[in-house]
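One structure is given below, encoded as structure tokens.
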Amino acid sequence: MVKDQNTVCFRTMHLKEKVRHTLDSYLSVGGYGQWKRVLNERPDPATLIEELKLSALRGRGGAGFPTGLKWSFMPRSAPGQKYIVCNSDEGEPGTCKDRDILRWNPHQLIEGMAIAGYCIGATVGYNYIRGEFYEPIARFDEALGEAYAAGLLGRDLLGSGVDFDLYTHLGAGAYICGEETALLESIEGKKGQPRFKPPFPAQAGLYGQPTTINNTESLASVPVILEKGGQWFLDQGRPNNGGPKLFSVTGHVNAPNNFEVPLGTPFWELLEMAGGVKDGKALKAVIPGGSSVPVVPGNIMMNTDMDYDSIAKAGSMLGSGAVIVIAEGTCMVRVLANLAHFYAHESCGQCTPCREGTGWLSRVLHRILHGHGRPSDLDLLDNVAGRIGGRTICALGDAAAMPVQSFLQHYRHEFEHLIEHGRPMEQAA
Amino acid sequence: MSDKITIEIDGRTCEAAPGEMIITVADREGISIPRFCYHEKLSIAANCRMCLVEAEQGGRPFPKPVPACATPVGDGMKVQTRSRKALDAQRGTMEFLLINHPLDCPICDQGGECELQDVSMGYGEDVSRFTERKRVVKDEDLGPLIATEMTRCIHCTRCVRFGAEIAGVRELGATGRGEDMRIGTFVAHTVAHELSGNIIDLCPVGALTSKPYRFTARAWELTAEPSIAPHDAVGSNIQLHVRNGRVMRVHPRDNEAINETWISDRDRFSYEGLNAASRLTAPMIKGDSGWAETDWQSVLHWVADGLQRVVADSGADQLGWLMAPGSTLEELYLGQKLLRGLGGRNIDSRLRQQDFSGDAADPALPWLGLPIADLEQQRAVLLIGSDIRQEQPLLAHRLRKAALAGAMVGLVNPYRVELTHPSRQLPAAPGRLAAELAAIAKAAGAGGRSSLKGLIATADSGDVHAEIAAALKQAGADGNGLVLLGALAEASPDFGLLKALAYQIADATGCRIGFLPPAANSTGAAFAGALPHRLPGARAVDVPGLDALAQLTEPRKAYVLWGIDPAHDLIDPARAVAALAGADLVVACTAFRTPSLEAVADVLLPISAFAETSGTFVNAAGDWQRFQGAVAPPGDARPGWKLLRVLGNMLELTGFEYASARDIHDALAAQCADRAPDNTPRAEYPVGTTAEAADGTLMRVGNVPIYAVDALVRAAPALQRTPLSAPLHLQLHPADAEALGLQDGDQVEVAQGPARACMPVHVSDDLARGGGRIPAAVPGSGQLGAQIGPIRVAKVSGENDQ
Ligand SMILES: Cc1cc2nc3c(=O)[nH]c(=O)nc-3n(C[C@H](O)[C@H](O)[C@H](O)COP(=O)(O)O)c2cc1C
Ligand code: SF4
Ligand code: FES
């Protein structure tokens, strides 16, 4: 069994479920210690950012961009309003970790956002939460109320002259609003569509002001990194892959759950923690980082460790840390058709390749699935996916294309079988 | 620009400014990059992905193809627009754009001038790989001007960005996601902005097309004739698209200094009026048994004899001569020449003015005061009596740009105007406009002489007045402040006083002063001498003739009306009709038959309308713009200048031997060679008392709605069906309505002196208290009196009343 579980974002997990999320619980694990230190000592933000860089914390929202580096792009001392925005939209299929941070440790996110605000010169923060998260939203709002009441948020905090206000903003059911610039549009009250970059949010973000956007888990990691030191965090994982990470293990496993384990934990250990493959079946494939990343055959996965670099070597991406387990007997055409439908449904529609291409992919895949495929369809799918990837305004295009290309790469024979025989090679699911 | 950088596109070295987009540099170099969403005048959306190119910077290739429209150049950048990678990206986009687009160009109105069709010739495949079902999108009714076939939409969002950025009203937007993204109005309203027709040009495909034009011709059947738009003082450059001697549609012609790439809907759709059933196609004479057609030869002799008889019997001073300010320069010049040749003096083209007390003080050649494009650079503008969006749509657009760049726009007007930018508005009933101006003048520290001084000193200056004055002062000090007088100031019985105050404000703040000339050739009329107190070249006359109003209040024995419908084109229709009806001879030279003309005229002479004659317009900025006739006038109608030439010859007047309109232009131009527009007043404005409404009366505010300004627009059916063409009604302030016991929708009888008309009441607090807004120049308004003047309102008890 993996040691060192639940050391960062889940550090309240051992507390009683009923009170786990409260301010008192959080204080009992040393919570808000770092925020109070910042308010009392007013350290040079640059030293805090250095600590983050040392920790090798990489963005937990999917792209894995180093968080310390991102913060250093902000024109911290330039005049004018700046914003810190937390991305709790958590729309990536398979991902459900941010939900549990909001449910079980909301104060740590608040503390992380406040410290982030201090580091980048933002006095206002927004937490953009997926609208379907009724319970987590309530938990977070409750925590906000407690933090304000305790004088940890608001104006001139602890007499330091530092201000920080934090607001909740709810999504309305669009996956695309998890993309950081679409999220900003959505907060501004506009149609959630990604912006063309440059300019990047650090130059012109929310309401045109410099803005940093981070994932819930990234921000919630910050207080512990500052408490225990960047080196400690780095040591939890591997070089360039600092810290533990939350993995949402779902799909054909016996005990789906979120696990906070060190980066570099072997996949097989994680699979064991989730109770192994359902019904004792063999492992067929894994989508290791949320539905947008390439699929990896099971045998490769069993020899891969769960960190950014190792998964990249295995031909995929760590993404958001959503590990979708697929058991032997599953029809891969069906899996892909399902994913393709998702991306076609969630494309924002503004740019041509994604608007038109995702629907095309989905239609062809469903045609194949229903026994009306043609041999030429497979090259068509691969080619159409290639014409979407890398040519769109945001990464949703890539996210839609990558599964198609990887499924065809590893499971082409299943598609061919279905086209030839009009029924799937694998019937069970 | 000092810091030029060098980039390479397709192996060609190009100079560029840092920060420019690749596509801008390529366009300048004549290297064509396909595009759909990009448009010079709109923000960059980078959504169509048609312009993808390959690029490298500092020897490092960009990992993905980049959109040329949204990628700024850097020194040493190398761009490939036609490499294998670039072409594959462009072809990929093309394929995506076509999969759901109907491939039925032969039945699409855009066919032959479709950007998608054109680009697909270069980047599309012969056979589609798409075998799924195509998308079908429901159409929306956008009103009488714009037809939709939304299945053809390629989601470039040009139309959406036009609304948000240029029009300032988000009439269209995108709803839905992915394949279900739709361009529409959200709530199914008519697209009514006065510039909205431009989205027809912007739409690269056949999704948005011209409703009046569609399916009537093919692009390749049309010849494009350059012309100048005739309905306002902008002088927008246009193209008349002609087939078989008929104007089929009107498009803008680029002119950055004047209309940029836009035209107003009025200029775009008014051509429909050319083919109206009310066109006069033969000379007509009124006999005992009514109107009868006649021939030119005999009718002109009859007219010449008639005019000579009046001169012989009663003196040339008994001739009244009124010319529409939208007539060509050549017509105006010959018209005044003919009258003055007969010894007459009473000529005017200022048909919507009633206070001429400022004639002696007025600048000789009033104008906008600055080039049109410079409006954008103003930092503070005070508009006096102007519904500028309706009067001069494209000048309003320039002001909007100034306002969005931070300029203060103040407005003193009888009603609140729906501007699409921040503004400081001081709505005041017509009799109170002067008081508001005096308050601004006072806040600006203006003094003034004699009674003006008293008016300013006793004015009640509030915060808004002070704010406007301060902004004007600051802008004035930097040389970019402007005070502008519009059509409602001109129609005011206090026009002289308003001008006096406007000049006081301009002086005290260091701002420039400008006039918004009401028609396409109002400025030209001053050059041509079509005024009672000015000869050609704006030279002074010894004894001024009667102005437009005096010709009616002191009725003449004979009148010549040029391009005028008495019920709609004169400031006081009731009085005009009475005066004309009592005359011995009324000669109407007109392109349209109208009931009021038929009632008062003795002969109707058919003259060319816009597009049917060559001529010249001088716009608000003093630009002389010549144009050629593009189509022949209908039936026996003739260009106006030819009619005047023949009549001049028949009357044996000298100086009517012109062979062409060009000769007439040249003759006048020679007399104007040393003349330029200039707003310096020639004397102090006399200050009378203000026209306050008497007890129990309201002051009528008779604005001319955008689609009522002239006969051609009034005869254009599609424009008449838009929401901007509201039927006759009385708008009242809620407090006034309450005092009169009136409610929204009540029927009232409005009395203006002896004149009467019935209409419904609209209650709105846009209108200042004490005003009663009744549009002029719309059906039914011809029975009423002065555009601005006292009215009495009485409820008509209808069937619904107990
Ligand atoms: C289509 C799409 C959906 C996304 N959804 C999410 C999301 O739900 N949550 C999230 O944190 N990041 C999401 N991202 C990534 C964000 O754009 C962004 O990279 C991230 O929030 C940055 O935070 P980090 O640096 O802390 O990871 C999404 C990206 C794309 C292209
Ligand atoms: S209607 Fe025309 S202009 Fe508007 S988005 Fe569609 S294609 Fe573009
Ligand atoms: S023209 Fe560049 S993306 Fe449309």
Exercise. What residues of segment A:312-354 lose no less than 40 Å² of accessible area with every protein chain in place versus their chain by itself (probe 1.4 Å, heavy atoms only)?
Worked result: A:350, A:352
Exercise. If Lys and Arg each add +1 and Asp and Glu each add -1, what is the summed charge of the other residues whose beta carbon sits under 14 Å from the beta carbon of residue B:718?
Worked result: +2
Exercise. What base-10 log of the normalised intensity I(q)/I(0) is obtained for segment A:1-117 from the Debye formula, alpha carbons as equal point scatterers, at q = 0.18, 0.19 Å⁻¹?
Worked result: -1.15, -1.26
Exercise. So how tilted is helix B:661-671 from the main axis of chain B? Cα-based, degrees 0 to 90, rounded to 10.
Worked result: 70
Problem set entry | Table column - 3J(HN,Hα) (Hz), segment A:177-192, Karplus curve with 6.51, -1.76, 1.60, x for Gly and Pro | 6, x, 5, 4, 7, 5, 4, 5, 4, 5, 4, 6, x, 9, 4, x
For this session: Once you have the Cα-Cα distance between residue B:29 and residue B:474, take 0.36 nm times their residue separation minus that, and quote the gain in nm to one decimal.
Result: 156.0 nm
Exercise. Which residues' amide hydrogens lie under 5 Å from the amide hydrogen of residue B:14, considering only partners 5 or more residues apart or on another chain, with H built in the peptide plane?
Worked result: B:7, B:8, B:9
For this session: If a/c stays under 1.5 just call it rounded; otherwise compare a/b with b/c (prolate if a/b is bigger, oblate if not). Do that for segment A:303-406, with a ≥ b ≥ c from the square roots of the Cα gyration tensor eigenvalues.
Result: oblate
Exercise. Can you pull the percent of segment B:303-372's accessible area that's carbon plus sulfur, 1.4 Å probe, other chains left in place?
Worked result: 51
For this session: Report, by chain and number, residues whose modeled amide H sits under 5 Å from the one on residue B:485, excluding near sequence neighbours (fewer than 5 apart, same chain).
Result: B:384, B:514, B:515, B:516
Exercise. Taking square-rooted eigenvalues a ≥ b ≥ c of the alpha carbon gyration tensor, is segment B:676-770 rounded, prolate or oblate, where a/c under 1.5 means rounded and, failing that, a/b exceeding b/c means prolate?
Worked result: oblate
Exercise. Tally Lys/Arg at +1 and Asp/Glu at -1 over every other residue whose Cβ is under 11 Å from the Cβ of residue B:151; what's the total?
Worked result: +2
For this session: Report residue A:404's accessible area, 1.4 Å probe, all protein chains in place, as a number in Å² to the nearest 10.
Result: 0
Exercise. In degrees between 0 and 90, to the nearest 10, how far off the longest principal axis of chain B does helix B:495-509 point, with axes built from Cα atoms?
Worked result: 50
Exercise. Any idea how far apart residue A:150 and residue B:134 come out in nm if each label point goes 7 Å out from Cα toward Cβ?
Worked result: 6.3
Problem set entry | Lysine pair count for segment B:372-515 [Cα-Cα under 20 Å; pairs on different chains or 8 or more apart] | 6
Exercise. How far apart, in nm, are two points set 7 Å out from the Cα along the Cα-to-Cβ line at residue A:374 and at residue B:56?
Worked result: 4.0
Exercise. Name the residues of segment B:45-82 whose accessible area, probed at 1.4 Å, falls by at least 40 Å² once all protein chains are in place instead of their chain on its own?
Worked result: B:47, B:49, B:64
For this session: Please work out whether segment B:381-491 counts as rounded, prolate or oblate from its C-alpha gyration tensor, where a ≥ b ≥ c are the square roots of the eigenvalues and a/c under 1.5 means rounded, while otherwise a/b larger than b/c means prolate and anything else oblate?
Result: oblate
Exercise. In nanometres, what is the gap between the two model label sites at residue A:165 and residue A:209, each 7 Å from Cα along Cα-to-Cβ?
Worked result: 0.9
Exercise. Anyone know which of A:406, A:376, A:28 comes out most mobile in the 10 Å Cα GNM of chain A?
Worked result: A:376
Exercise. What does the charge dipole of segment A:244-327 about its Cα centre add up to, to the nearest 20 debye, if the Cβ of each Lys and Arg holds +1 and the Cβ of each Asp and Glu holds -1?
Worked result: 260
Seminar exercise, completed: Long-range amide H partners of residue B:253, meaning residues 5 or more apart or on another chain whose placed amide H is closer than 5 Å, are B:237, B:238, B:239
Exercise. Looking at segment B:177-191, which residues lose a minimum of 10 Å² of accessible area between their chain alone and all protein chains in place, measuring with a 1.4 Å probe and not counting ligands or nucleic acids?
Worked result: B:177, B:178, B:179, B:181
Seminar exercise, completed: Given the candidates B:582, B:683, B:651, the one whose Cα lies deepest towards the positive end of the charge dipole of chain B, counting +1 at each Lys or Arg C-beta and -1 at each Asp or Glu C-beta, is B:683
For this session: For chain A, build the charge dipole from Cβ charges (+1 Lys, Arg; -1 Asp, Glu) around the Cα centre, then report which of A:390, A:118, A:326 sits farthest towards its positive end.
Result: A:390
For this session: Measure nothing but the geometry: give the 0 to 90° angle between the long axis through the Cα atoms of A:376-388 and the longest principal axis through the Cα atoms of chain A, rounded to 10°.
Result: 20
Exercise. Excluding ligands, DNA and RNA, what is the solvent-accessible area per residue of chain B at a probe of 1.4 Å, expressed in Å²?
Worked result: 37
Exercise. For chain B, what does -39500 (n - 2.57) per DSSP helix run (n ≥ 4), summed and divided by total residues, give at 222 nm, in deg cm²/dmol to the nearest 500?
Worked result: -7500 deg cm²/dmol
Seminar exercise, completed: Residue-normalised value, i.e. accessible area per residue, for segment A:263-375 at 1.4 Å probe, in Å², stands at 31
Exercise. If ligands, DNA and RNA are left out, what is the accessible area of residue A:176 with a 1.4 Å probe, given in Å² to the nearest 10?
Worked result: 10
Seminar exercise, completed: Output row B,A: buried area (accessible, probe 1.4 Å, summed both chains) in Å², nearest hundred, equals 2900
Seminar exercise, completed: Rounded to the nearest 5, the percent of DSSP beta bridges in chain B running antiparallel is 60
Exercise. About its Cα centre, what dipole magnitude does chain A give when the only charges are +1 on Lys and Arg Cβ and -1 on Asp and Glu Cβ, stated in debye to the nearest 20?
Worked result: 380
For this session: Could you run the Karplus curve 6.51 cos²θ - 1.76 cosθ + 1.60 with θ = phi - 60° over segment A:418-426 and give me ³J(HN,Hα) per residue in whole Hz, x for Gly and Pro?
Result: 5, 5, 6, 9, x, 9, x, 6, 10
Exercise. Ignoring ligands, DNA and RNA, what accessible area per residue does segment A:17-236 give at 1.4 Å, in Å²?
Worked result: 36
Exercise. What is the Cα convex hull volume of segment B:247-347 when expressed per residue in Å³?
Worked result: 158
For this session: Report ³J(HN,Hα) in whole Hz for each residue of segment B:760-771, in order, from the Karplus equation J = 6.51 cos²θ - 1.76 cosθ + 1.60 where θ = phi - 60°; Gly and Pro get x.
Result: x, 9, 10, 9, 7, 8, 5, 7, 6, 4, x, x
For this session: With the Cα gyration tensor of segment B:304-376 in hand, give its eigenvalues times 5 under a square root as the equivalent ellipsoid semi-axes, listed largest first in whole angstrom.
Result: 31, 15, 10
For this session: Just the number, please: carbon plus sulfur as a percent of the accessible area of segment B:698-795, 1.4 Å probe, no ligands or DNA/RNA counted.
Result: 52
Exercise. So in segment B:580-644, what percent of DSSP beta bridges are antiparallel if you round to the nearest 5?
Worked result: 45
Exercise. Considering only DSSP beta bridges whose two residues both sit in segment B:698-795, what percent are antiparallel, to the nearest 5?
Worked result: 75
Exercise. What accessible surface, in Å², does a 1.4 Å probe find on residue A:213, ignoring ligands, DNA and RNA and rounding to the nearest 10?
Worked result: 10
Exercise. When the gyration tensor of chain B is built from Cα positions, what are the square roots of 5 times its three eigenvalues, in whole Å, from largest to smallest?
Worked result: 48, 32, 28
Problem set entry | the protein assembly as shown: equivalent-ellipsoid semi-axes (sqrt of 5 x gyration tensor eigenvalues, Cα, Å) | 71, 36, 26
Problem set entry | Extreme residue, positive dipole direction of chain B, given options B:318, B:540, B:632 (C-beta unit charges) | B:632
For this session: Assign unit charges at the C-beta atoms only (+1 for Lys and Arg, -1 for Asp and Glu), then state the dipole size of chain B relative to its Cα centre in Debye, rounded to the nearest 20.
Result: 920
Exercise. How much of the accessible area of segment B:549-616, in percent, comes from carbon and sulfur atoms when a 1.4 Å probe is used?
Worked result: 53
Exercise. When the convex hull of the Cα atoms of chain A is projected onto a plane and the area is averaged over all directions, what value comes out in nm²?
Worked result: 19.4
Exercise. Structure shown: which of A:190/B:134; A:36/A:228; A:281/A:313; A:245/A:281 lie over 22 Å apart, alpha-carbon to alpha-carbon?
Worked result: A:190/B:134; A:281/A:313; A:245/A:281
Problem set entry | Percent of Cα-Cα distances greater than 22 Å, calculated over segment A:244-327 | 9
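The values are calculated or read from the model by the stated rules, or taken from the named source; none is laboratory data. Bear in mind the structure is a predicted one, so any value in this text is a computation, not a measurement. Note that each Cβ is placed from the backbone with ideal geometry, even for glycine, and that neighbours are counted across all protein chains shown. For the accessible areas, the whole protein counts, side chains as well, though only heavy atoms, and no ligand, DNA or RNA atoms are used. Shrake-Rupley method; radii C 1.70, N 1.55, O 1.52, S 1.80 Å.
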